[in-house]
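Just so it is clear, none of the values below were taken in a lab; they were calculated from the coordinates. All of these numbers come straight from a predicted model, not from anything done at the bench. Neighbour counts are summed over all protein chains in view; Cβ atoms, including those assigned to glycine, are modelled from backbone coordinates with ideal geometry.
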Amino acid sequence: MAVTKKASYGLIAAVEIARSPANAPVSAAAIADRYSLPLPFVEKILRQLRLRGVVRSKQGRYGGYSLCANAEDVSVRHVLEALDENLDLVSCLGSQVTCDLDAVCPTKRTWGRINQRFLDLLGSLSLKDLADGSEQE
């Protein structure tokens with residue numbers, strides 16, 4: 001898995017929204033400004049997260065984005081999957097890719113186990129963990 005800008009910016013945006021006191025809406029412009037990110041790209045990412053039920057939006061002067069669930073209930077994996085990120089460490093683990101060595105590969109099982117641990121880790125880290133900085137343990 002290569003971390004794309006979309007994944008990185010999406011996770012930054014989700015964490016910034018998770019940090020908002022009392023789940024107050026956070027504007028795409030505020031996120032883009034704070035991290036010097038391109039506003040149209042942040043808006044596109046937040047639109048996708050909204051369509052996938054990770055965030056909700058509120059229009060108007062005091063509008064913006066807020067999480068649909070508590071920050072401790074939203075995993076990093078959920079955010080990345082909502083952005084259609086490929087989380088497989090090697091391409092042969094994906095369902096769309098076939099490999100000529102699939103039947104005889106001596107490493108596929110090991111990669112599969114490593115990949116599952118990676119997915120479990122992403123699933124165990126919440127936006128609250130990232131917002132609080134407690135993921136560093």
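Select from T4, A69, Y35 the residue farthest towards the positive end of the dipole of the range 3-79; place +1 on Cβ of Lys and Arg, -1 on Cβ of Asp and Glu, and compute about the Cα centre.
Farthest towards the positive pole: T4.
How large is the helix-only mean residue ellipticity at 222 nm for the chain, computed as the sum of -39500 (n - 2.57) over DSSP H runs with n ≥ 4, divided by its residue count, in deg cm²/dmol to the nearest 500?
Numbers: 6 runs with 65 residues, N = 137.
Estimated from H runs of four or more residues: -14500 deg cm²/dmol.
Apply the Kirkwood formula to the range 5-136: the hydrodynamic radius equals the inverse of the mean of 1/r over all pairs of different alpha-carbon atoms; give it in Å with one decimal. Please list the in-between numbers first.
On the way: mean 1/r = 0.0625 Å⁻¹.
One over the average 1/r among Cα pairs gives 16.0 Å for the range 5-136.
List the cysteines of the chain that have no other Cys Cβ closer than 4.7 Å: which are they?
C68, C105
Please report the projected area of the range 41-99's Cα convex hull averaged over all directions, in nm².
On the way: hull surface 21.6 nm².
Taking the Cα atoms of the range 41-99, their convex hull projects to 5.4 nm² on average.
Distance from the Cα centre of the range 101-120 to that of the range 1-68, in angstrom?
Each part's Cα centre sits 33 Å from the other's.
How far is it, in nm, from the label point at I114 to the one at K6 when both lie 7 Å from their Cα along the line to the Cβ?
Output for this residue pair reads 2.5 nm.
If you look for lysine pairs in the range 5-136 that are eight or more places apart or on different chains, how many of them have Cα atoms under 24 Å apart? Display every interim value, and only then the final one.
On the way: K5/K44; K5/K128; K6/K44; K6/K58; K6/K128; K44/K58; K44/K128; K58/K128.
Lysine pairs meeting the criterion: 8.
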